[in-house]
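**Q** First the structure, which I've put down as structure tokens, then a few questions once you've had a look.
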Amino acid sequence: MSATTAPPPAADPRRLPIADGTQVKRTVGRLFRRHRGSLGGVAALHTVAAVAGLAGPFLLGRFIDEVSGGTTLARVDTLALILVGAVVVQAVVTRYAQRLSMIFGERVFAELREEFMETVTRLPLSTVEKAGTGDLVARTTNDVNKLQHAVRFGVPRVLVCVVTIGLTLVASFLTDPLVALGLLVGVPIIWLATRWYLQRATPGYLRESAAYATLNGTITEAVEGARTTDVLWLGSRVRRRLRRDLSEAFAAEKYTLGLRLRLIPSLDTAVAVAPIAVVLWGAWLASQDLASVGTVATIALYAHQMGGPVFDLVFWLDELQVAAVALARVVGVGLVGPDRVATGEVPTSEEVHAHEVRYAYREGHDVLHGISVDLRPGERLAVVGPSGAGKSTLGRMLAGIHPPTGGSVTVGQVPLVDLPLEDLRGHVALVTQEHHVFVGSLAENLRLADTAASTDALWEALEAVDARAWTDALPGGLATEVGSGGHPLSPAQAQQVALARLVLLDPHTLVLDEATSLLDPRAARHLERSLNAVLTGRTVVAIAHRLHTAHDADRVAVVDDGRIAEIGPHDELVAAGGDYARLWHSWQHE
Amino acid sequence: MRPLPLPDLGNPPLTSASRLLTWQAWRQRDVLLKAMAVGIVSMLASAAAPLLLGGAIDSGLASGFGRELLIWCGWMLAAAAAIVVSGVFSHTWDVESWLRASFAFSGLVGDKASRAGHAITKRLPTGEVVAAVANDALRAGDMFAMAGRFTGGVVTYAVVAVYMLSQDLVLGLVVTIGIPVVAAILALLVRPLQARQRVHREATGRLTALGADTVSGLRILRGIGGEDVFAGRYAQQSQEVRRRGVRVAAVQSVLDGLQVLLPGLLVALVLWLGARAVVRGDLTSGQLVTFYGYAAFLAWPVQMATQMLQMTTNAVVSARKMLDVLRVTEATPQAATTAPEPPSGSDLADEASGLVLRPGRVVGLVCADPDVSAALATRLGRVDDDAEAGTPVTLGGVRLAELDKEMLRHRLVVAEATPHLFSGILGEELDARGRATEAELMAAVLVADAQDVLDSVPDGLAGELPEKGRSLSGGQRQRVALARALLTDPEILVLVEPTSAVDAHTEARIAERVAEARRGRTTLVVTASPLVLDHVDEVVLLSPAGTVVTSGTHGELLARPDDDGAAYRSVVGRSMAEEPHPSDDHDLEGAAR
């Protein structure tokens, strides 16, 4: 771990990419094109509904004009029936339009997240190892959830608003183009205010959500570290930090409030001024006999009706902008290129050789300076050395996780990174401190390594790692749900599950990187048997920070500063009187 | 707007959710009252629009484009100006009201988390405490944000109702009764909708959890296999969520349709009755336009009332959840009356084991069962008064629970085996007391042999340490925690397994430097490592039952011929025999043999 933790300051390769504007647009365009049929249907239905919704003011205007010319109660009844008819049509069509658009939203969103997960589970091994899982988890949960609101409600809502506003304008001009000109008074105000606002809103709201994320992080830390906070008397520090986070959230809120305080009055003004302009302008036209009072009333009411959709549209555009940022992070995962291309060569043996291996996380800063080591089939090689010497990096090279920057690691003459991942796993496996138990049945957890494994094979693997006793006692046997929210497994049991997976995977070479060092000390002896069962008959590279592993290994490699300082059987190294010998003696207290 | 958070958190009543909410409302009564007043102005100004439009139309019909119409338009402009201006204030004070409430609640919950110690994790899952800030405080705030507009809506509804009833009794009754009836019918459909939404939300929650789980274990999936199975499983649940969403859509769209139909029919009824009245000559065209406008407008205050009801219900639920956190009692509260401070250089004594730490000695504590020695060290640090009531520990003869807490925490520090590292600037995180110079920081880093951490964290001491020190290896985290403990520089320092995760080279260096740095100051190190024990002044051997067996220097105990010597050797002499020892424990790499 240690060598890899020196993060290069520039162009951090441990960060996952984020898509740029063009790439996001391309994705959105592709999604829309794929669904243009449904999208067209949704738009058509909403158009019909919006047209029917325009009947009220129109009929009212007609009525006012007819009243001044003298009309009958029968005529009133007819107009009222037409209105009822329009309302019924609008209601029925709205029902189907809404249903269709929600189903559309569900389908597009489901596609988006499934494609994302498909991409994530295909990420190159080296990317997963380097980037860690924190950022990916955030993208899988936060970003995907942020998109949910926009895709399911935002896109249909924007569609409805645009259709409604457009049709209301069209209807106004059809009613009386001259009077309808008065409507346009509000347009420049809305246009300018919205443009001004949308240019600033996204960073503002992102700052807000970042501020709340920090606050939640601080609370999480305060709770998880509550005991340390108490024991080290850090309470006032935690409280200071909370105040700082709240102040930042306040500043962020104040900024976006400031933005809205310019947008809202502008929109309010536009929406309130439009009917007044229509009335004034229309009344003058009417006085010149260029319009009727009824049409003026109709268009004034249309102007009044447009207020709602205008506000709605601006705020949804805002949400869509924020969602675009989440989309950029989701799409970004797809930009990671493959880290290896299988050449199709087939290894001729099970011998693993490292030749002049170099590796640099940053160009020009080699962590490994040309390491050569030949693993003898079936041997146990212990790798020891101070923290930061490059032990873990070497382990990853030997397991084929990263392509080396110089030199090569081969199995049976074929470079490890030239093998397809599925084949590589059958040769070498890296075992780390991590022992994640997946949500699902115990059987599912084991079958990762061999999807076709029979129930008997699963039991045999559990037997081999000495886990039969507790698995037999599980309420549902192999079908018991484990992982978060399921039947709890102790760390030692989780580790045994991980080891049973290795038995099923059956690689000939294993690289152990401090594989058991996070374990509960009391479980160690029990696990020793489990691990021994897995190691028997395989070539093992054990990266160790404890010396007696070295004592029991066939050979010991002392790694210092990216080079192998000494290598050989324990006794020889002790006899040679080098660094290793000195350390061994102090350990022995001789 | 007053800058938030406010300096004083106050002392909230913990008796009930409604008490908590009213307490907060009283504390922010200034902004609430302002929001309500301006809410009334804003809603009344909006309500004026249909009335003025009707008046303008009548005047246009009667006298054409003239002075009267201009006056009506002048009134409309005045109302528009009132809407714009009051809108600004209304939004400002609504937001302020929301922020005041939700930040006050967040502050209270956070304050509790910072003081409760071990008790909070014992009582509640972390997720619930975080949700109290991330969800509940914000949700409770919604009610306060809505208060101004809600009040405005209620007042305006009443005013408009009175106006309409005075103009035309029948039409007035149709509108003022019709709208709440429509709202009530729509509310009936909300329940089945919410039920389906809940199912959909739960399915979404499972999907998110499944995604997070898959990605958390991605290194294993990519290293061992099973990606396709997991991607498939996710897709399956994703389709389940989609199906649930479609079921929501079925009800939701009916509700949407009814939201068009019922108010639409009401408007049609108003227009029909109104138009007949106009034909009869009982009503003017302008009044009809006004009634038409109000039939649409009054749905708005009713909608606000429904929202307010919903938000209040949510706020009460959220307040209950916050109360769960606020009611947690501290694990180690300050005693009501504290005992006088024992003089410096007092003995620290654990009655249950018989261990007494004399001033100025660096002592190692060894036990065959590492849990027993760790438990002893923990109670020396007074972590949980309830749990430790039966195993008294005294400083200078006074029980720890009776001492002033701040004084105790400064004089006595126990660094546990798995301490929590907080995110922040590395230099500040190391310096828990906030008083070390850079030279002192560097000295502590050197003692803990953590110089490599300075290279790992970009910008070294000035660099940012991530949450839980995640970017560091296990060994690095342990050494950072050790440096932090050393920098608290207490009179008595207890270190539990300070080197369990570091390599032997490093352990040897740390052992020597820590002993040197603490020489002459009371220090207890719980460990079984011979590399460390070799450097302490004295070693105490604890029986597996937890009582002091014997003590002496490491060399003496190793050489001692009796049973105690044998017991000691079996704990610390890990490499002396081929067979695993009963206590051959820390060395997990031994598993790789």
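Let's see how each residue does on (1) closer than 24 Å to A:A171 by Cβ; (2) touching an Asp or Glu at 6+ places or on another chain (Cβ under 9 Å); (3) in a loop (DSSP other than H, G, I, E, B); (4) more than 7 Å from every other protein chain (Cβ to nearest Cβ):
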position	(1), (2), (3), (4)
A:L259	no, no, no, yes
A:S266	no, no, no, yes
A:L317	yes, no, no, yes
A:Q321	no, no, no, yes
A:R329	no, yes, no, yes
A:V333	no, no, no, yes
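**Q** Given B:F89, B:F65, B:F103, which one is crowded, with 21+ Cβ neighbours inside 10 Å, among the aromatic types (F, W, Y) and at the interface with chain A (Cβ under 10 Å from one of its Cβ atoms)?
**A** Step by step, each of B:F89, B:F65, B:F103 is checked, and only B:F103 is crowded, with 21+ Cβ neighbours inside 10 Å, among the aromatic types (F, W, Y) and at the interface with chain A (Cβ under 10 Å from one of its Cβ atoms).
**Q** Filter region A:284-305 for residues that are at pLDDT 90 or above and within 14 Å of A:L184 (Cα to Cα) and give the result.
**A** A:I299, A:A300, A:Y302, A:A303
**Q** Within the bounds of region B:237-246, is there any residue that is of a type outside the set (A, V, I, L, M, F, W, C), more than 7 Å from every other protein chain (Cβ to nearest Cβ) and touching a residue at least 60 places away in the same chain (Cβ under 8 Å)?
**A** No, region B:237-246 has no match at all.
**Q** Given (1) charged (D, E, K, R); (2) part of a loop (DSSP other than H, G, I, E, B); (3) more than 14 Å from chain B (Cβ to nearest Cβ), where does A:D456 come up short, assuming only one miss?
**A** (2)
**Q** Follow-up. Tell me which residues, restricted to region B:205-236, are under 15 Å from A:Q148 (Cα atoms), more than 7 Å from chain A (Cβ to nearest Cβ) and buried (at least 19 other Cβ atoms within 10 Å of the Cβ).
**A** Within region B:205-236, B:L207 is the sole residue that qualifies.
**Q** Quick check on my filter: what residues within region A:95-136 are of a type in the set (S, T, Y), surrounded by fewer than 21 Cβ atoms within 10 Å (Cβ to Cβ) and within 13 Å of the chain's Cα centre (by Cα)?
**A** Listed by number, the residues that qualify are A:T119, A:T133.
**Q** Could I ask something else about it? Quick one: in region A:444-484, of everything that is buried (at least 16 other Cβ atoms within 10 Å of the Cβ) and small (G, A, S), which residue is farthest from B:G211 (Cα to Cα)?
**A** A:A464
**Q** Next question. Going by the conditions given, is A:E106 facing chain B (nearest Cβ under 9 Å), over 30 Å from A:A291 (Cβ atoms), acidic (D, E) and in a helix (DSSP H, G or I)?
**A** yes
**Q** B:W98 - would you say it is assigned by TED's automatic domain parsing to the domain that holds B:A147, closer than 28 Å to A:G307 by Cα, surrounded by fewer than 17 Cβ atoms within 10 Å (Cβ to Cβ) and not β-branched (V, I, T)?
**A** no
**Q** Additional query: Quick one: in region B:516-536, which of the residues that are away from chain A (no Cβ under 14 Å) and closer than 21 Å to B:G381 by Cβ is surrounded by the most Cβ atoms within 10 Å (Cβ to Cβ)?
**A** B:V525
**Q** Would you mention how many residues in region A:468-494 are farther than 20 Å from B:I224 by Cα and either in a helix (DSSP H, G or I) or touching a helix residue (DSSP H, G or I) at 6+ places or on another chain (Cβ under 6 Å) (or both)?
**A** 8
**Q** Could you pull out every one of the helices (runs of 4 or more DSSP H) wholly within region B:16-130 that has 1 or more residues that are touching an Asp or Glu at 6+ places or on another chain (Cβ under 6 Å)?
**A** Ranges flagged: B:29-63, B:67-116, B:118-123.
**Q** While we're looking at this one, here's another question. Considering each of A:V92, A:V87 in turn, give the residue that is within 7 Å of chain B (Cβ to nearest Cβ), assigned to a helix (DSSP H, G or I) and surrounded by fewer than 20 Cβ atoms within 10 Å (Cβ to Cβ).
**A** Residue meeting the stated conditions: A:V92.
**Q** Now a separate question. If I go through region A:198-242 residue by residue, how many of them are in contact (Cβ under 8 Å) with a residue 60 or more places away in the chain and crowded, with 22+ Cβ neighbours inside 10 Å?
**A** Residues in region A:198-242 being in contact (Cβ under 8 Å) with a residue 60 or more places away in the chain and crowded, with 22+ Cβ neighbours inside 10 Å: 1 in total.
**Q** Check A:A270 against each of (1) within 26 Å of B:A62 (Cβ to Cβ); (2) at pLDDT 90 or above; (3) small (G, A, S) and name the one condition it does not meet.
**A** (1)
**Q** Follow-up. Take region A:14-37 and flag every residue that is of a type in the set (G, A, S) and surrounded by fewer than 17 Cβ atoms within 10 Å (Cβ to Cβ).
**A** A:G21, A:G29, A:G37
**Q** Among the listed residues A:G407, A:G364, identify the single one that is touching a Gly at 6+ places or on another chain (Cβ under 7 Å) and of a type outside the set (K, R).
**A** Result: A:G407 is the single residue among A:G407, A:G364 that is touching a Gly at 6+ places or on another chain (Cβ under 7 Å) and of a type outside the set (K, R).
**Q** Could you tell me whether B:D324 is acidic (D, E) and either buried (at least 22 other Cβ atoms within 10 Å of the Cβ) or part of a helix (DSSP H, G or I) (or both)?
**A** Yes, satisfied.
**Q** The conditions are (1) free of Cβ contacts under 8 Å to residues at least 24 places away in the same chain; (2) more than 21 Å from B:L69 (Cβ to Cβ); (3) more than 7 Å from chain B (Cβ to nearest Cβ), and A:D289 fails exactly one of them. Which is it?
**A** (2)
**Q** For residues that are crowded, with 20+ Cβ neighbours inside 10 Å and at the interface with another protein chain (Cβ under 7 Å from one of its Cβ atoms), tally how many sit in region A:244-253.
**A** Final tally of qualifying residues: 2.
**Q** Considering only region B:388-504, give the strands (runs of 3 or more DSSP E) lying wholly within it that have at least 2 residues that are at pLDDT 90 or above, under 30 Å from the mean Cα position of the chain (by Cα) and crowded, with 21+ Cβ neighbours inside 10 Å.
**A** B:412-415
**Q** Scan A:A74, A:A50 and give me the residue that is more than 30 Å from A:G332 (Cβ to Cβ), part of a helix (DSSP H, G or I) and without any contact (Cβ under 8 Å) to a residue 40 or more places away in the chain.
**A** That would be A:A74, the only listed residue that is more than 30 Å from A:G332 (Cβ to Cβ), part of a helix (DSSP H, G or I) and without any contact (Cβ under 8 Å) to a residue 40 or more places away in the chain.
Quick grid of which residues meet (1) crowded, with 22+ Cβ neighbours inside 10 Å; (2) of a type outside the set (S, T, Y):
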{"position": "A:T269", "(1), (2)": "no, no"}
{"position": "A:G294", "(1), (2)": "yes, yes"}
{"position": "A:A300", "(1), (2)": "yes, yes"}
{"position": "A:E319", "(1), (2)": "no, yes"}
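**Q** Which residues, counting only those in region A:109-134, are touching a Phe, Trp or Tyr at 6+ places or on another chain (Cβ under 7 Å) and either outside the structural domain of A:L327 (by TED's automatic domain parsing) or not in a helix (DSSP H, G or I) (or both)?
**A** A:T121, the sole residue that qualifies.
**Q** So, in region A:495-554, exactly how many residues are part of a strand (DSSP E or B), modelled with pLDDT of 85 or more and either under 15 Å from A:V465 (Cβ atoms) or not polar (S, T, N, Q) (or both)?
**A** 7
**Q** Residue check: is B:R196 free of Cβ contacts under 8 Å to residues at least 24 places away in the same chain, more than 10 Å from every other protein chain (Cβ to nearest Cβ) and charged (D, E, K, R)?
**A** Spelling it out, it is not the case that B:R196 is free of Cβ contacts under 8 Å to residues at least 24 places away in the same chain, more than 10 Å from every other protein chain (Cβ to nearest Cβ) and charged (D, E, K, R).
**Q** Given region A:340-418, what strands (runs of 3 or more DSSP E) lie entirely inside it while holding 2 or more residues that are in contact (Cβ under 8 Å) with a residue 40 or more places away in the chain, of a type in the set (A, V, I, L, M) and within 28 Å of B:A508 (Cβ to Cβ)?
**A** A:365-374, A:380-384
The values are calculated or read from the model by the stated rules, or taken from the named source; none is laboratory data. Since we're looking at a predicted model, the values are computed, not measured. Positions of Cβ are backbone-derived with ideal geometry, glycine not excepted, and every protein chain shown enters the neighbour counts.
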